[in-house]
Each structure stands twice: as structure tokens, then as C-alpha cells.
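Take a look at the structure below.
The values are calculated or read from the model by the stated rules, or taken from the named source; none is laboratory data. Keep in mind that what you see is a predicted model, and the values were worked out from it rather than measured. A quick note on method: Cβ atoms are made from the backbone with ideal geometry, for glycine too, and the neighbour counts reach across all protein chains shown.
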Amino acid sequence: MENQEKQFRLNVTRRHFLTKAGLGFGSAALGSLLFKDQLFGANDASSLPLGLAQYAPKAKRIIYLFQNGAPSQLETFDYKPLLNKMHGEELPASIRMGQRLTGMTANQDKFPLIGSTFGFSQYGQSGAWISSLFPNMASIADDICIVKTMNTEAINHDPALTFFQTGSQQGNRPSMGAWMSYGLGSENANLPAYTVLLSRGRGNGQGVYSKLWSNGFLDSVHQGVVFSSGENPVLYLNNPEGQDKKSRRDMLDELAKFNSEAFENFGDPEINTRIKQYEMSYRMQSAVPELTDLSKESDNTIKMYGPDCLVPGTYAANCLLARKLSESGVRFVQLYHQGWDTHGNLANDMTMQAEDVDRASAALVKDLKQRGLLDETLVIWGGEFGRTNYCQGKIDKDNYGRDHHPKCFSIWMAGGGIKPGTVYGETDEFGYNITRDPVSVHDFHATVLHLMGINHEQLTYKHLGRRYRLTDVAGQVVNGIIA
Amino acid sequence: MSRHLSVLSNLIIVLQVFLIVFCFVDVSVLPPYVMFAGRFHPLILHLPISLIILLIPFSFYVQRRKEHTDLNSLFELVLHYIAIIATLTALAGFLLAAGGGYEPAALQFHKWLGVAIAFVSHALIYLRKAFVSRLAFWNTSLLATLMLTITGSHYGGTLTHGEGFFAFKEKKESGVVIPTFTEKTTVFAGAVQPVLMAKCAYCHNDQKMKGGLNMKDIASMIKGGKNGAMWVSGDPEKSLMIQRMLLDLDDKNHMPPKGKTQLSSAEMHLFAEWIRAGANAKKTYHALAETDTLKKIIAKIIETDPTLKEEKVYAFEAASASSIKKLNSPFRTIRQLSANSPALSVTFFLQEKFTLELLKECKSIGDQIVELSLSGMPADDQIFPIISSFTNLEKLNLNATSITGKGLTELAELKKLEQLSVASTSIKADDLSSLLKMPALKSIYIWNSKISEADLTTLKSKSKPIHWELGYIPNKTEVLQLSVPLPADKDKMILDNEEYIVLKNPMPNAKIRYTTDGTTPDSLTGQVFTNPIPATNLLRIKAITTAPGWISSEVTDISFYRKGISVDSAKLLTEPSRGGPLGIKILIDLKKGLSQTGDQLYTSWLGFVNNPLKAGFYFKKNTPINKVVISTADMTGSSSSGGNPFPPRKIVIKGGPDPKHLKQIGTASPEVPSARRPNASIPYIVSIEPGTYNYIELEVHQLAKLPSWHPEKGQKAWVFVDEVFFY
């Protein structure tokens, strides 16, 4: 954006100034003194060479499998046998330490501890504990790094999601993918650098909103592009009946002339963005059919991801599409899978959710690996916070619920410079507080940017008089999870 | 001549206006190309100096020949040019200084003297006219200008050549080379010393030794200066260097002194922790424990300063920016691996745009290509002679290309190739035999090629130990369940008379079996779907997907409706708990809400929990109506917070000519499910007393309590309705 803006400001002020003063070099210099922000904002925007990794990146692309609604760490990767032992007993005040609860359970008289109804076993060389809900993810235990000590500041879905995606709870900032697109540019100019795929499981769902893939104050070319969950991931891409490719091309050329004229007259940088987007859409007419073409896939692909991968809009289909997008150079593929908000009916909901995501999540990692792409693709799996170790509502014989818990939760990462087959951090026996190596959301962002070859403190954008970063004023790279 | 002079004098005024502006603003914000003009300062600065020196003899010469008007004009012209060149020099000087890196005190003097020289040389033009008859005054002015010039030049020399350049003392470089930071370097050499060198050794070196302290090596540091040793091992609080750096910036003992580059907090932290750990000069970074504070600080410093990072160093030169730019296109992306790396990655996109020519053109950057991807491109064996000329290639991705493998042998020349991906190609084991001894090769990806597990064993036995990735091999004992059949068009659940029902499942070779009589189909019973099914008023289809080698899908329960008798108008008589804003429209908009996933529960359904659904429907005069069909959401398997949409307990239909004259014309009491069942949209048909009606009132009562098998037993059940049909 600032390039175009600069151009625009330069056009107007230079012309204006030249007519008044007619002094060539000197006037440009004086003009830039008087209008320095307008003319040369770039110096303030970022100290980095945009569009290139600052240092050799370990990961070139990211696929973020966001488990929207917050899967319980206690039924996934954080094995706490003590909770089964103390099943039904009150959560000790020494553990809770008066920490904040949501409005949904704050008024409960009792906080009975509750153990996982699902068994846990150890997998892989690291001996990572993984619940019986995820047999397929367990099979990639040697490829992933489980971070058990994520923690966040927000306690409700919307702010927590927004925090995870943009580094701020309020939601007026660019999201991770937009920062990547801004900092590293696009690898494949025929597709958006940042795409978003949505799916919904059968569990209790929470909404996702377009602000989560917003470009914030960055140029709108960096905005996440949502692919449709129908048969055609990008709608209206085919030429209308009776229009061939050439006449489409001619039409776009003419349109671009009009738009350029409009840009000359009004100077709105969004007009240039629009011209660029039209050009990309034109090329997407060829690029997208390649994405949806499954003819080059092996028969085993369906077995690997599960038959659902053929049904558009399912999580499995999105995982397969994510691989194809990533393979085609899309910098950041963001999936959201809804349905993890297990306030009640956890045993049932988790089972259904796990059925939907387990196989395909593992398949994605295996698929990248067998193509030699895992070492340059960072895969992230996780939700926006964790869930309480105590029961929400009444404990039933075979059902229970867990409320939101921001103090600790588990995610996993794989590929792209992550130390494979490891478990990072430790929580207390109650699965309530972190005892070793906490990883905040800012730390997570700093680490992800680092893996992509960017120093999180240097990728900045000046907006409303101050420089912004994804990590704002915090964040430390977690070296312990980097290979 | 006079015109020439007037142009010059105007130009001087303009330039000096700029000079005044430059005095009061920060010029460092100027664009790089303007800043570049600063580089001309050292080039032109000698002109005003020599001209001003020459001016003295010239002036005496002219004074003797007053009658030569030409000579006088020439003198005036020279004065003008001196003023111009002195001003330009000063302007360029400002630009150069803004780049930083100069000793501030000397810079201040030089700057203001330079400005003074520019203005004084301008003033000379007018002084000459004023003092035309008072030669002594004129000569004094000239001499003053000369002194000014010499002083200004001296400070300029100090800036460039350093303090004491004229002191006749031999100056030597300190000789410490900052090493690249690797894990084998010591903490001292890798982290502590470079910072000291960069920020302290300026004053504490062999030549300067301010305070008697020299930092050239650790021995001199331990020796310390006149105030004592730099540190007390193990005790940063008692260490002089730490105390000094923590003093207030304005304290005269603060180090580094005000005006010099200050230490960052990470650097101070580093010194403190290094001293706390015993100020050991031998300990390596590698030997530190992962949890060691010192290690974390250094890691942090490495992180903030990428130049300290271990980056792969390439021996080759970078390709020219113009040749990279020329080759870059949407179909052939060429990127530097990182901002400072000469190494390039080349990736091809869009199958229809790929030609061999595009690859051939890359030869101009062939030495720099380290990563190449032709993944998915229709590239055949002709690519190998071209690729084998990219001698620095490390990573080659040929996944899903059309190669047969015949030319693979040529890659053996690539001495640096580490990774080869040939997944989803038709290469065979034999094709790889010539590559097995490649010196740098570390991994080969052969998933979905013609190489079997048995082949791989043979290959492994013949090759050096490298990583082979055969990829996913299905577990033969694992049988998966198919996905359910779906309507071909989700928007076509409500059909016109001539429309047909089409079911589909994307699985190749799958069969769909269905029933319309409410029985459950399995892989043997039920009709195989081949032809579109004609719509009837209500067709409730139960269907499964079957295929050999797969578990049949769950039974899907989908209802298709034919558009019924159109409603003239309608109104809700009770408030819904959900779907309020759209109200009654939802029930008669001929749009089905999705039921499979509970999608659109908010926009396509009306939900009732506290009171029953009551609605009135008006028809054109005396419409014969026999049946009412209510489409409900049945989500006994759903989760709690979306409500629990259950089958209604009772449906009551009243009819008559108007709302005041109604009688009950039909009821239905659906069965309460005895266990959790898959989510579905279930229609309930209520046959009513045949007759003609102008108005029909519908009541749908929900179940008072969820049944005992439900996790939330005892809670209120909901009723969700998305459409009502009349036939």
C-alpha cells in the first residue's frame, strides 16, 4: 500500500510543487522536507526489505489448522492421571489461586475436578501422551512438536481468536497471514498469498468472522481470501457463456484503462489494488482448476485423508485443498474448523470432532512429508485457549463439560524448522497452571515469524502515528521448539 | 556578462535559502537518491578551498590593474562561482552528515563553519562593492574568509581521518576480527568481545586508552584502568563496568559517554550474566545448558541481529538484479532465499504456461539456482540436460511431472544436490541407480512412483545411507467408512412439478442405494440410484453409499418436497425464541434450512422453547386442502448450547373460513425417539379433514422434558421448523 500511496502523494505534491517553484532537484528536496511523511513514509514503515525473507527461512509456507472453539488439552495432549484419581473432588484453592473464570462457571458453588473419559497412551520416540481420540495423529508423533504450555490473555472465544490471529484482542489489526503476505510477498502470483478455508464439525460451534483474516491497516491485497466450501472453491471464475478467453482479456484491458484513469484522477490506492486483483483473478481462471483437479492424485490419497476429502466443505476436503494450495506456493493457508466448544456433552462432541479431524490432520502432515515439502511447510494445529480441569455443570456418569481456560493449553506444530518428535513445556499435575517454559501467543507469533525468516521486532508498519508489529511490544522466539 | 551574473546571483540566493532550511530540519528523511548527492561533498569540497586560497593573490593582482575592467569583471565572476560552489559543498555536506557515523563534536564545528564559509563567500560579492575604496577592509575580509576556510577544513579533516591525524603518531587498526557466531565460538569471542569492540574500543584501545583502560584483549581488560579492574568475577553488582553502564546517562562517569552509541539492555544483560557466570573466556556457547540465562540472552541477541546468525555462505556471486527481474513472471517465480543471499529459488506455476524454453532461459542465472521446483508441470525428460547445468542446485522438486526417469542419470553431475523429489511420477527403481553415489545427496522422495517396497530394499542396499521416503502405504486391514449420499443440488430440495431428484457421492465406483418407504437400505437391499427420481408431494429418501473395499456409509435421511398450495398471507401467533427477525417468512419462503450439520439454525429456522409454535395461514377463497407437512429439525445428536431440537410432542391443525370460526381438523403425535439418532430434517405429515379452507391455524407443541437417555435429561426440548407445506 505505501508504494502506491507514495506514488499518489508524489504525483500530486510534486506536480503541485514543480508548478509553483520550478526548481527541479532543490524543490524535490524541499518538498520532501515539508511533506516528508507523505512522500517518503516508506522509511518509517518498515526497516525490512519487503517481499523477501530477512534471513534464510526454515519455513516458506504455513498451513494453520485452527480448531475453533478450543479443544480441551485434557482430552488431547496433556495427560493428567491425577484428575482421574481425584475425580469429583473439589479443585484446591491453592491451584486456582483466585484466577479469573468465565461468567458461565463463576457462579458455580463447586468446582469438581474431572478426569478424561478417554484413555491416553505414549507414542513415538519422545513418548508423547496422546489420547485415544486421535489414533492417526498419534501415528505422526515423531513428526510433530506438542507445545503443552500455550497460554493466552483472553477468556472468551471472540477476543481469544482475534488475539491468536492478529496479536490483539480488539480486532482492528492485520492478521498473521496478512503480515506474512506483507512481509514476504506472494510466491505464486496466480493465487492469493493468503487463503482461508472454513468447515464446521458436529460439535457445539462458535462463529468465525472476516475480521480474523483482515488486512487491518495493511493494503487490502494482503487480506485473506475465503475459498467457498462448495464444489467451486472460487465462485464466478468461469467465463460467462458466449465469452471466450480473448474477449475476457480485452475486456479486462479496457477496464484497466478506465481504472488507471480513475486512479490518476482520485489517487485512491485501492484502485490499483483492484486492477491487480482483476489481473490475478484472470490468471486464477487457469490456476484454480489445477487446484480442484484430483486426477493427478493417487488412489491412496482418498484412503489417506478419508472419503470425506472428496466432499467439498468438509475438514478433510479442506486439508487436501490446503496441501494443494500450499504446494502451489500459497504463503499462508488458514483453516478454521468449528465445533470444539465443549461446555457440556464433552464426551460425545469430542468424539465426533475427533472423527472429523484426526485422520485428515495427520494425512496432511504425511502428505507433505512424502512430497519432500514438510521441511519447508509449517503446519500448526490448535485452538484459541484450553478448557478447565473442573466440570461445568453437573458431573454425569458418562458426560461432562469443561469451561474456557486460558492459563494453559496444548497445540502442535510440524515441519518448517520445528524440532520433530518433541514435547515442549510442562503444566502442573492438575493441568491448570504452567510449571515450566510458558509460551504466550506473542511468543508463538514471534517464533512463527522467525521460522519464516523474519525478525518479529523489525516487521513493522506505521499507522496512526506509531509503528505496529504482529507481536506489538512483546514476544520472544521460543528456541526450544526450533530444530 | 551582467545577465550571466544576475542568473548566478539568483541561483546563489535560491541555494542559500535551501541551506538555511537544511540548518533547521532533519535531512535524514530525504529519499535515498537525494541523500546520494551527499557523496559529492568530498568530491567538490576542495574547489572552494583552493579557489578561496587563490583569491588572495588574484585579488592583489587585480588591485594593481584597476584600469582593466575585463579583469575586474572576471574577478566578480569568480566570486560568484566561489559562493555557488561553497554553498553546494555545504548542502552536500549536510546530506553526507545525515548518514551518521561522525564524531558529533567535530561535526558540529565543521557544519557551522561550512555554513559560515558559504554565507561569507556570498557576502564577499557585496563587500567588494562596499569596500571598493577601502582596500584594507577588503583585504581583512579576504583574510578572515581564508582563516574561516582553513579552520573549517581542519575539522573536516578530523572527521574523515580521525582525531590526531596531524599529531605525527602512527595509527594501527586494533586487529580484532569479529567472528561469525557459531555454536563452537566461545561466549566471550562470539558475544561479549564483539559488543565491546563495537561500542567501547573506540576510546579504549592501544592508542587512546581513556582512563588507562585498553580493551584489545581479555588480559588488558582484567588488568583494568586507573579506576581498577573492569569486573569482579561472579559479582556483576560490584563490577566497575556494570556500575558505569548503569549510571544515569547524564552522569559524567556513565559509559559509554553521552553522544556515543549506547548499549542495548540485552547487551548490558549479557555482560552482567557473563560476569555472574565467572567471566570465563573459554566457555563455549555450545556448552551452556538450554535453560542457562546466558544462553537465552545470547540467543536473543542472535535473534535481533541476523548478521550474527549462522547463514549458509555461498561461494558464487549474486546474479544481477536486472536478469532476475527480467526472468520473473507469474509463471516463473524467482526469489532470493533471503535478503542478503545470492542463492535463488526458481518455481514454475500454471501447467498451461509451461514450456521448455522458460526453463532454458534460466541458464543466465544457472549458477545461482539452489532450489528448483517444476512440481505439477508437464515437463518431460528434456529438462534434464538443462537442469544438470545448474551446478549449485541443492533441492530439486519434480513431483507430478511427466518425466519417465530416463534422463535422471544426467543429474549425477550435480555435486551439491541434497534433496530430490520425484513423487507421483512414473520413474522406476533402475532410473535412480546412477544417482545413488551422488556426494551431497541426503533424501529422495519416491511416493506414488513405480518403485515398490521391494525395489526400495534393493536400492537401499546399493546406496549410501540416505533418507528414502516411500510415503503413505495403506494399511490393508484398515477399512474406512464412505461418506453419505447427498442431493446433487442443496438448493433443489423443494421442487417444481417437472423436476427430478438427483443423489450423488463423489467417490469413484460408489453405488447409492435408497428406499422411499421408510425402510433402511443396506449394501444388498434398496434400489440402486441410476436415474433421477421424479418428485412427489413428499419423498422421504433413506440412502447409503456402498463400494467394494469400503464400509457402507451411514444412512442419510433426506426429504424432498414438491411446491404445494401457495399461501396468500401468514402470521406468527407466538414469539419464536430463535429466528425472530425474519419471522413467518421463514416458514413459507420455499427454502430448506440445512439439517446435516445444524448450519443456518439461526437464519433458516424458527426455534421455539418457551411456548409452542402457533401460526395462521390465509388462502385464496375456498382452497381444497388435504394435507399439511411440517418440516422440522431433528437433532437429538446435537450439542447443548445450540438448544436441543427434538421432534414435536403434538401437532394440532385447525381450519375454517376465518380465524373466528375454527375447528380442529387434524392432529399428529410423533414418536419420542428412544435413543440418539443422526441429525436430520424430518417432515411430519398431518392428514386433515378434506375440505376447502380460507384459513388454517397450526400449533406445534414441543416435548416438555428431554427423555432420560439424553445427556441433558429433564431440560426443555426445542422445536425447530423451517417450512410448512399444504397439499
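Of all the numbered requirements in (1) at pLDDT 95 or above; (2) surrounded by 23 or more Cβ atoms within 10 Å (Cβ to Cβ); (3) more than 27 Å from B:Pro711 (Cα to Cα), A:Arg469 misses one, and that requirement is (1).
Any residue in segment A:440-462 that is more than 14 Å from chain B (Cβ to nearest Cβ), within 30 Å of A:Gly98 (Cα to Cα) and in a strand (DSSP E or B)? For segment A:440-462, residues more than 14 Å from chain B (Cβ to nearest Cβ), within 30 Å of A:Gly98 (Cα to Cα) and in a strand (DSSP E or B): present.
Among residues of segment B:258-282 being among the charged types (D, E, K, R) and surrounded by fewer than 17 Cβ atoms within 10 Å (Cβ to Cβ), the one that is farthest from B:Met245 (Cα to Cα) is B:Lys282.
Taking the criterion of being β-branched (Val, Ile, Thr) and in the same structural domain as B:Gly643 (by TED's automatic domain parsing), would at least one residue in segment B:523-541 satisfy it? Walk me through it before giving the result.
Quick first cut of segment B:523-541, residues β-branched (Val, Ile, Thr) only: B:525, B:528, B:530, B:533, B:536, B:541.
So of that shortlist, the ones also in the same structural domain as B:Gly643 (by TED's automatic domain parsing) come out as none.
Within segment B:523-541, not a single residue is β-branched (Val, Ile, Thr) and in the same structural domain as B:Gly643 (by TED's automatic domain parsing).
The number of residues in segment B:344-374 being more than 26 Å from B:Phe316 (Cα to Cα), of a type outside the set (A, V, I, L, M) and within 14 Å of chain A (Cβ to nearest Cβ) comes to 5.
In segment B:12-32, which residues are within 10 Å of chain A (Cβ to nearest Cβ) and modelled with pLDDT of 85 or more? Listed by number, the residues that qualify are B:Val14, B:Leu15, B:Val17, B:Phe18, B:Val21, B:Phe22. Note on segment A:289-316: residues that are part of a helix (DSSP H, G or I), in contact (Cβ under 8 Å) with a residue 60 or more places away in the chain, surrounded by 21 or more Cβ atoms within 10 Å (Cβ to Cβ) and within 9 Å of chain B (Cβ to nearest Cβ) amount to 1.
Against the test of being within 14 Å of chain B (Cβ to nearest Cβ) and hydroxyl-bearing (Ser, Thr, Tyr), the options A:Thr388, A:Thr377 yield a single qualifying residue, A:Thr377.
Number of residues in segment A:83-107 that are farther than 26 Å from A:Phe164 by Cβ, out of contact with any strand residue (DSSP E or B) (no Cβ under 8 Å at 6 or more places or on another chain) and surrounded by 12 or more Cβ atoms within 10 Å (Cβ to Cβ): the value is 2. Regarding segment B:41-64, can at least one residue be identified that is part of a helix (DSSP H, G or I), within 11 Å of another protein chain (Cβ to nearest Cβ) and either among the aromatic types (Phe, Trp, Tyr) or under 21 Å from B:Gly99 (Cα atoms) (or both)? No, segment B:41-64 contains no residue that is part of a helix (DSSP H, G or I), within 11 Å of another protein chain (Cβ to nearest Cβ) and either among the aromatic types (Phe, Trp, Tyr) or under 21 Å from B:Gly99 (Cα atoms) (or both).
Is it fair to say B:Glu697 is part of a loop (DSSP other than H, G, I, E, B) and among the acidic types (Asp, Glu)? For B:Glu697, the condition - part of a loop (DSSP other than H, G, I, E, B) and among the acidic types (Asp, Glu) - is not met.
Only one of these is touching a residue at least 12 places away in the same chain (Cβ under 8 Å), touching a strand residue (DSSP E or B) at 6+ places or on another chain (Cβ under 6 Å), in the same structural domain as B:Asn448 (by TED's automatic domain parsing) and small (Gly, Ala, Ser): B:Ser373, B:Ser364, B:Ser402. Name it. Going through B:Ser373, B:Ser364, B:Ser402 in turn, the sole match is B:Ser373.
Restricting segment A:52-64 to residues that are in contact with a helix residue (DSSP H, G or I) (Cβ under 6 Å, 6 or more places away or on another chain) and not in a loop (DSSP other than H, G, I, E, B), the residue that is nearest to the other protein chains (Cβ to nearest Cβ) is A:Arg61. For A:Asp253, the conditions (1) buried (at least 17 other Cβ atoms within 10 Å of the Cβ); (2) farther than 22 Å from A:Val225 by Cα all hold with the exception of (1). Taken over segment B:120-139, the criterion of being surrounded by fewer than 17 Cβ atoms within 10 Å (Cβ to Cβ) and part of a helix (DSSP H, G or I) is satisfied by B:Ala123, B:Tyr126, B:Lys129, B:Ala130, B:Leu135, B:Ala136, B:Phe137, B:Asn139.
If you check B:Ser389 against the conditions, is it assigned to a loop (DSSP other than H, G, I, E, B), within 12 Å of another protein chain (Cβ to nearest Cβ), free of Cβ contacts under 8 Å to residues at least 60 places away in the same chain and surrounded by fewer than 23 Cβ atoms within 10 Å (Cβ to Cβ)?
no
Within segment B:499-516, being within 14 Å of chain A (Cβ to nearest Cβ), among the β-branched types (Val, Ile, Thr) and out of contact with any Asp or Glu (no Cβ under 8 Å at 6 or more places or on another chain) holds for one residue alone: B:Ile512.
When segment B:427-449 is examined, which residues are found to be within 12 Å of chain A (Cβ to nearest Cβ) and surrounded by fewer than 17 Cβ atoms within 10 Å (Cβ to Cβ)? B:Lys442, B:Ser443, listed by residue number.
Could you look through segment B:1-51, keep only residues that are of a type in the set (Phe, Trp, Tyr) and under 40 Å from the mean Cα position of the chain (by Cα), and pick out the one that is surrounded by the fewest Cβ atoms within 10 Å (Cβ to Cβ)?
Checking each candidate, the answer is B:Phe24.
Selection of segment A:267-288 for residues being over 14 Å from A:Ala256 (Cβ atoms) and more than 12 Å from chain B (Cβ to nearest Cβ) yields A:Gly267, A:Asp268, A:Pro269, A:Glu270.
Of everything listed in (1) more than 23 Å from A:Phe66 (Cβ to Cβ); (2) modelled with pLDDT of 90 or more, the single unmet condition for A:Leu197 is (1).
Regarding segment A:392-408, can at least one residue be identified that is of a type outside the set (Lys, Arg), within 14 Å of chain B (Cβ to nearest Cβ), part of a loop (DSSP other than H, G, I, E, B) and under 22 Å from A:Val477 (Cβ atoms)? For segment A:392-408, residues of a type outside the set (Lys, Arg), within 14 Å of chain B (Cβ to nearest Cβ), part of a loop (DSSP other than H, G, I, E, B) and under 22 Å from A:Val477 (Cβ atoms): absent. Inside segment B:468-498, residues that are under 14 Å from B:Trp550 (Cβ atoms), at the interface with chain A (Cβ under 8 Å from one of its Cβ atoms) and in contact (Cβ under 8 Å) with a residue 24 or more places away in the chain make up a count of 4. Checking every residue in segment B:170-191 against the condition of being at pLDDT below 75, under 30 Å from B:Ser121 (Cβ atoms), outside the structural domain of B:Ser264 (by TED's automatic domain parsing) and more than 42 Å from the chain's Cα centre (by Cα) gives zero matches. Annotation note: of A:Glu254, A:Glu290, A:Glu264, the sole residue that is at pLDDT 85 or above, among the acidic types (Asp, Glu) and over 24 Å from B:Ser329 (Cβ atoms) is A:Glu264. Taken as a whole, the structure places B:Pro683 among residues that are touching a residue at least 12 places away in the same chain (Cβ under 8 Å), crowded, with 16+ Cβ neighbours inside 10 Å and in a strand (DSSP E or B).
The criterion of being within 14 Å of another protein chain (Cβ to nearest Cβ), more than 21 Å from the chain's Cα centre (by Cα) and in a loop (DSSP other than H, G, I, E, B) does not hold for A:Tyr432.
With respect to (1) farther than 24 Å from A:Ala59 by Cβ; (2) not assigned by TED's automatic domain parsing to the domain that holds A:Lys366; (3) not basic (Lys, Arg), the lone exception for A:Ser298 is condition (2).
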